2 protein chains.
Amino acid sequence: MNKEYAPPEWAFEFHGHRCPFMPIGYRMGKLAMKSLGVEHEKDHGLFVFPEIGEGHPQTCMMDGMQIATGATYGKLLMAKTFYGKLAATFYHPQKGAVRYSLKPEFIDAMGKFEFFGYRKKGIEPSQIPEKIADEVIGWIDSQPDDFIFKVEPKPDFRFTPAKGSFNKAKCSQCGEYVFERYVRTKDGQPTCIPCSGYGK
Amino acid sequence: MNKEYAPPEWAFEFHGHRCPFMPIGYRMGKLAMKSLGVEHEKDHGLFVFPEIGEGHPQTCMMDGMQIATGATYGKLLMAKTFYGKLAATFYHPQKGAVRYSLKPEFIDAMGKFEFFGYRKKGIEPSQIPEKIADEVIGWIDSQPDDFIFKVEPKPDFRFTPAKGSFNKAKCSQCGEYVFERYVRTKDGQPTCIPCSGYGK
């Protein structure tokens with residue numbers, strides 16, 4: 001594998017454990033950035049929509065994508081689609097969009113490694129012997145990009161983020177600040193969602 | 001400020017720019033961990049629910065929380081509540097829950113720094129002179145925890161993550177794998193959500 005597609009050491013510190021998926025997401029992110037012609041996102045220009053959901057494994061890919069691209073959850077640049085698929089669309093308004101997914105043949109071949117036997121027994125990644133994790137990570141590193149990833153340009157993809165506002169109000173009940181989009185009204189007073197009891 | 005509440009250098013690399021909110025989220029995360037008696041989460045034991053939404057500023061706090069706690073978006077340990085508030089609840093099933101929020105007086109005092117004048121003019125954080133960013137970051141560092149944060153134990157807080165399954169099926173249309181929870185049925189065949197046209 002091209003060295004530029006290997007995560008820096010701090011990426012494992014951020015993520016918390018050694019698993020194959022954070023590095024796969026990192027490599028996917030780096031390849032997508034190259035494909036779009038974008039750099040690590042400093043501010044708010046690049047969006048990533050992983051087709052990940054909940055209640056399934058292999059979601060760690062998203063941490064690798066955050067690390068590689070700079071399109072982080074904290075900057076509101078990453079949002080899951082809840083499709084339960086190992087894929088993501090990378091979108092930059094000036095550069096277009098590309099979708100990367102893991103090929104089924106790759107997923108099948110990878111699934112034979114001992115790491116997944118441990119996971120299926122419910123053993124947490126940090127408790128799996130490092131050599132078992134490194135075995136599958138090393139195997140993946142040695143596979144060519146086109147065995148792992150399907151790549152699809154998405155020329156029609158569009159996304160418009162919510163219009164931002166700095167306006168805020170104090171909740172009449174708890175006294176905490178609420179940004180305006182989320183201010184609700186109760187008994188004629190500005191109220192935050194939890195104090196309003198409206199649920200959303 | 002206690003040095004242990006200052007983010008490591010790689011945290012700024014991950015986040016992409018120097019702003020006051022990533023470090024505030026980091027400090028909030030570290031304090032909450034101490035309050036709960038938990039370490040940086042290696043696997044899947046600690047959950048963070050930021051009361052952040054979309055279309056408002058200061059969301060960068062969430063990146064600091066991910067970095068401090070290890071409760072990352074990729075590990076499905078962080079989920080926004082969409083309340084538009086600068087607060088978060090930290091929850092560990094064996095240790096309980098605590099909510100941290102930014103005090104309104106702190107938010108008002110911080111808002112007078114020049115950094116926010118730049119942001120309100122639409123200037124992206126990476127384009128704001130470093131000394132302007134460091135001025136507000138330095139001021140925050142010098143404030144005591146109890147001027148910045150309101151802390152509330154939440155003894156009744158509960159959260160149960162979606163039950164996980166490794167089962168998956170190939171979509172009859174696109175041939176890609178879908179985890180079972182997200183498999184839909186169309187013309188009697190297993191189908192992924194995008195191919196089904198059902199939308200969710």
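Each reported figure results from applying straightforward, stated rules to the coordinates on display, with no laboratory input. Computed from a predicted model, the values in this text were never measured in an experiment. Here the Cβ is made from the backbone with ideal geometry for all residues, glycine too, and neighbour counts use every protein chain on show.
Mind checking Rg over Rh on the protein assembly as shown, alpha carbons, Kirkwood formula for Rh?
Details: Rg = 21.2 Å, Rh = 22.0 Å.
Rounded to two decimals, Rg/Rh equals 0.96.
A Förster radius of 22 Å combined with the Cβ-Cβ distance from A:Glu152 to A:Lys112 puts the calculated FRET efficiency at roughly 0.25. Under a Gaussian network description of chain A, with springs only between Cα atoms under 10 Å, the residue in A:Asp187, A:Asp134, A:Asp145 that fluctuates furthest is A:Asp187.
Are any of the pairs A:Lys120/B:Lys186; A:Lys3/B:Lys168; A:Lys42/A:Lys154; A:Lys3/A:Lys103; A:Lys42/B:Lys34; A:Lys80/B:Lys85 more than 28 Å apart by Cα-Cα distance, and if so, which?
In this structure, A:Lys120/B:Lys186; A:Lys3/B:Lys168; A:Lys42/B:Lys34 exceed 28 Å between Cα atoms.
For chain A, take the longest principal axis of its alpha carbons; what is the angle in degrees between that and the long axis of helix A:21-36, to the nearest 10 within 0 to 90? Rounded to the nearest ten degrees, it is 80.
Inter-copy label distances at A:Glu114, shortest first and taken from points set 7 Å along Cα to Cβ: 6.0 nm.
Karplus-based coupling profile of region B:144-153, in residue order and whole Hz: x, 3, 7, 7, 8, 10, 9, 10, 10, x, with θ = phi - 60° in 6.51 cos²θ - 1.76 cosθ + 1.60 and x standing for Gly or Pro. Distances from B:Trp139 to itself in the other copies, using label points 7 Å out along the Cα-Cβ axis, amount to 5.6 nm in increasing order.
On the beta carbon distance between A:Lys186 and B:Lys186, with R0 = 30 Å, the FRET formula returns roughly 0.10.
Rounded, prolate or oblate: which one fits region A:1-132, using the alpha carbon gyration tensor with axes a ≥ b ≥ c (rounded when a/c is under 1.5, else prolate when a/b beats b/c, else oblate)?
Details: a/c = 1.80, a/b = 1.62, b/c = 1.12.
Since a/c reaches 1.5 and a/b is larger than b/c, the shape of region A:1-132 is classed as prolate.
Annotation for A:Gly37, label-to-label distances across the other copies: 5.7 nm (shortest first, one decimal, point 7 Å from Cα along Cα→Cβ). Between A:Lys131 and A:Lys170, the FRET efficiency estimated from the beta carbon spacing at R0 = 51 angstrom works out to 0.35. Averaged over the residues of A:43-50, the number of partner chain Cβ atoms lying within 10 Å of the residue Cβ comes to 2. Just going by the charge dipole of chain A, with Lys and Arg at +1 and Asp and Glu at -1 on Cβ, which of A:Ala79, A:Cys174, A:Val98 is farthest out on the positive end? Farthest towards the positive pole: A:Cys174. Per-residue Karplus couplings for region B:126-137, computed as 6.51 cos²θ - 1.76 cosθ + 1.60 with θ equal to phi - 60°, are listed in order as 5, 9, 7, x, 4, 5, 5, 5, 5, 4, 6, 4 Hz, Gly and Pro entered as x. If only the Cβ of Lys and Arg carry +1 and only the Cβ of Asp and Glu carry -1, the dipole of chain A around its Cα centre is close to 800 debye.
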